[in-house]
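Engineer: Please find one structure pasted underneath; my questions will follow.
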């Protein structure tokens, strides 16, 4: 028996309205994290990247990259090519000098994740007004599980969500505020975070998620 055409049209119309509404909202819910829908980044011609970046990206795993950096005596300090007090250098600058702090290493591993086709985020952590730190979260494209990199610390992808991976990491820390950044936002706004020689500035408006984490024992 054929369904009433008017009923079928109504169902189709309802589905279209729902899809349009979700798309217009500009966000979706991914395992407990509200994230804006962001266009895929512009494809990279990896062969056009600076030689130090290409050498770094020859490795295919996070543990191999960490070992690669250690074998080359990675110097964990402020990038010398930027003015005193500057932070947030691109992978191109930091790898050319083989030096950088938490932001630089997070950016480098995020670039590796992009090459591997993995979803990943930069997490900016703040304790009080002056103490900040950056790590990278990544999603294994085979298992769908999440892990983190905080050079030289590596948290395997065994967590069911990005938030779970972050909470595993933050259990090692005192209560902090955190913001999650998607690198595609920077590219969407014309920021060349991969090869620029300038300081990369992250504005709060770039964050896709933020929150405050406390030890369980601090919650009454």
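Engineer: Just the number, please: percent antiparallel of the DSSP beta bridges in region 62-155, rounded to the nearest 5.
Structural biologist: 95
Engineer: Taking only the alpha carbons of region 55-134, what extent do you get along each of the three principal axes, in Å, biggest first?
Structural biologist: For region 55-134, the Cα spread along each principal axis is 37, 26, 17 Å.
Engineer: Could you tell me whether region 120-202 comes out rounded, prolate or oblate from its Cα gyration tensor? Rule is a ≥ b ≥ c as square roots of the eigenvalues, rounded for a/c under 1.5, then prolate if a/b exceeds b/c, otherwise oblate.
Structural biologist: Oblate, since a/c reaches 1.5 and b/c is not below a/b.
Engineer: Mind sorting 115, 129 by how few other Cβ atoms lie within 10 Å of their own Cβ, fewest first?
Structural biologist: 129, 115
Engineer: Still on this structure: For 182, 75, which order do you get if you count the other beta carbons within 10 Å of each Cβ and list the fewest first?
Structural biologist: 75, 182
Engineer: In nm, to one decimal, how far is the modelled label at residue 167 from the one at residue 188, with both set 7 Å along Cα→Cβ?
Structural biologist: About 2.7 nm separates the two model spin labels.
Engineer: Let me ask another. Going by C-beta contacts inside 10 Å, put 76, 206, 169, 148 in order with the fewest on the left.
Structural biologist: 76, 206, 169, 148
Engineer: Here is a follow-up. When a/c is below 1.5 the answer is rounded, else prolate if a/b is larger than b/c, else oblate, so apply that to region 63-220 with a ≥ b ≥ c taken from the square roots of the Cα gyration tensor eigenvalues.
Structural biologist: rounded
Engineer: Let's test the formula: R0 of 22 Å, r as the Cβ-Cβ distance of residue 86 and residue 210. What FRET efficiency results, to the nearest 0.05?
Structural biologist: 0.35
Engineer: Shape verdict for region 168-207, please, from the Cα gyration tensor: rounded (a/c under 1.5), prolate (a/b greater than b/c) or oblate.
Structural biologist: Cα axes put region 168-207 in the prolate bin.
Engineer: Under a plain spin-label model, where a point goes 7 Å from the Cα along Cα-to-Cβ, how far apart in nm are residue 78 and residue 127?
Structural biologist: 2.0
Engineer: Based on alpha-carbon centroids, what's the gap between region 66-144 and region 153-212 in Å, whole number please?
Structural biologist: If we compute the Cα centre of each part, the gap is 11 Å.
Engineer: Sort 95-102, 66-73, 191-198 by the packing proxy (mean of other Cβ within 10 Å over each peptide's residues), most packed first.
Structural biologist: Answer by packing, highest mean first, reads 95-102, 191-198, 66-73.
Bear in mind these aren't lab numbers, they're just calculated from the coordinates by the rules spelled out. None of the values given here were measured: they were computed from a predicted structure. FYI the Cβ positions are ideal-geometry reconstructions off the backbone, even for glycines, and counts take in every protein chain you see.
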